[in-house]
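Here is the structure we will look at.
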Amino acid sequence: MKRLITLFYSLCVALTVTAQARFTSNTELINLGQIEWKHPATVRYLITNTGDKPLVLTEVEPDCECSSVQWTQTPIAPGETGEVSVTFDAQLLGHFQKSVAVMTNAEPYLVYLRLAGEVVAEIKDFTLTHPYLIGEIRVDKSSLDFPDLYRGESCQLTLGVANLSGRPYEPVLMHLPSYLEASCRPAVLQQGEKGVMTITLHSDRLTDLGLTQSSVYVARFLGDKVSEENELPISAILLPDFSNLSQTELERAPLIRLSAEEVDMRLTLAKKQKAKQNITVTNEGRTPLEISKLQVFHPAVGVALKKRVLQPGESTRLRVTVDRRHVSKSRRPLRLLMITNDPQHPKKEINILAK
């Protein structure tokens, strides 16, 4: 009996030790490069719980009053992500290195996140703030990805632009789709000057639900032509609106479940030209599940779905295929999108790791 009690106690201790939250940040140091004097800069650290118990960020403290912080204060479930946001006031000129102490219920319980850079009166080095070079123009985004929208909503994105050429430059986006409008301030950038383009999307001009993809092209000079070098991919997702459903309808609604929401093809593609993986789609709701749209973001990705309407409790197979030859031919992300009649999940995305 003593032996059984000892064995049971040891097993409980082992399970207690094994089950724990784990704090994983996408980076521990963010270098802001040059930032303008008295223009506060904000950085965001993506925090993932890689453990098997909820992760709690109990306290986040910057090392000086020149920084303010915000963080996810609800428990982060295993596999889910939270965020620590740090704003630096940029009140003093010169180089800086700051740290933020993050206290958690994980082991170790104390982690430091760091940020560095230089506060200047006038930015002359745009390498970090505008990392994407298009001719003699630098921009701060390589694509324009709008957040999810419902019909009738509008949304704005900003595109930072810096002029490295030796002449005045008028920022222009060529081949602008009808659902987008763009403006820039200032309208003309002198040598070494930066500006901000504001791009507005009007969802009522989108033709259909689901993913709409297009491209615009940054004019590098007057009379410029379109090419892969000055292309900025655009993506926007229009969702179905279930706000008018009654409580009874919501309780009886379909409920989609996927066996995986991310597939890793990298090992297979290192050896083969094509890789494929199956995902099981299940309706755990009380009425039929309809998958009205199945779309891919990238030309290297192919999909095949056996059934688009699933009865309650029914499952089907979704096959995802990636062709290595086409992976590097586009800046678009490797993922696929499903639009459903599940009010909780009108959109389901599957991320694909291929490189």
* **Square roots of five times the Cα gyration tensor eigenvalues for the range 51-182, Å** => 35, 25, 12
* **Centre separation in Å (Cα based) which lies between the range 27-50 and the range 159-189** => 26 Å
* Out of residues 5 or more away from residue 264 or on other chains, whose amide H comes under 5 Å of its own, with H placed 1.01 Å from N in the peptide plane? -> 353
* Structure fact -> tail above 21 Å in the computed P(r) of the range 132-239, as % of all Cα-Cα pairs, reads 34 percent
* Asked: What pairs from 293/347; 274/348; 98/124; 38/194 go past 18 Å between their alpha carbons?
  -> 274/348; 98/124
* Estimated inter-spin distance, residue 344 and residue 303, nm [label 7 Å along Cα→Cβ] -> 2.0 nm
* Structure fact -> Here the FRET efficiency for residue 181 versus residue 107, based on Cβ atoms and R0 = 35 Å and rounded to 0.05, is 0.10
* Asked: Just from the alpha-carbon atoms, what are the Rg and Dmax of the range 149-302 in angstroms?
  -> 21.5, 65
* Asked: When the Debye formula is applied to the Cα atoms of the chain, each taken as the same point scatterer, what base-10 log of I(q)/I(0) results at q = 0.10 Å⁻¹?
  -> -0.87
* Asked: Mean projection of the alpha-carbon convex hull of the range 176-223 over all orientations, in nm²?
  -> 4.4 nm²
* To do: Enumerate the whole-percent occupancy of each 5 Å bin, from 0 to the last occupied one, for all C-alpha pair distances of the range 62-114.
  => 4, 15, 26, 24, 14, 9, 6, 2, 0
* Structure fact -> the range 247-353, convex hull of Cα, quarter of hull surface, nm² -> 6.4 nm²
* To do: Please list 185-192, 117-124 highest first by mean number of surrounding beta-carbon atoms within 10 Å per residue.
  => 117-124, 185-192
* Asked: In whole angstrom, how long is each semi-axis of the equivalent ellipsoid of the range 29-91, when you take the square root of 5 times every eigenvalue of its Cα gyration tensor and sort them from largest down?
  -> 27, 12, 8
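A short reminder: the numbers here are calculations on the coordinates, not readings from a lab. Bear in mind the structure is a predicted one, so any value in this text is a computation, not a measurement. All Cβ positions, even for glycine, are placed from backbone atoms using ideal geometry, and neighbour counts span all protein chains on display.
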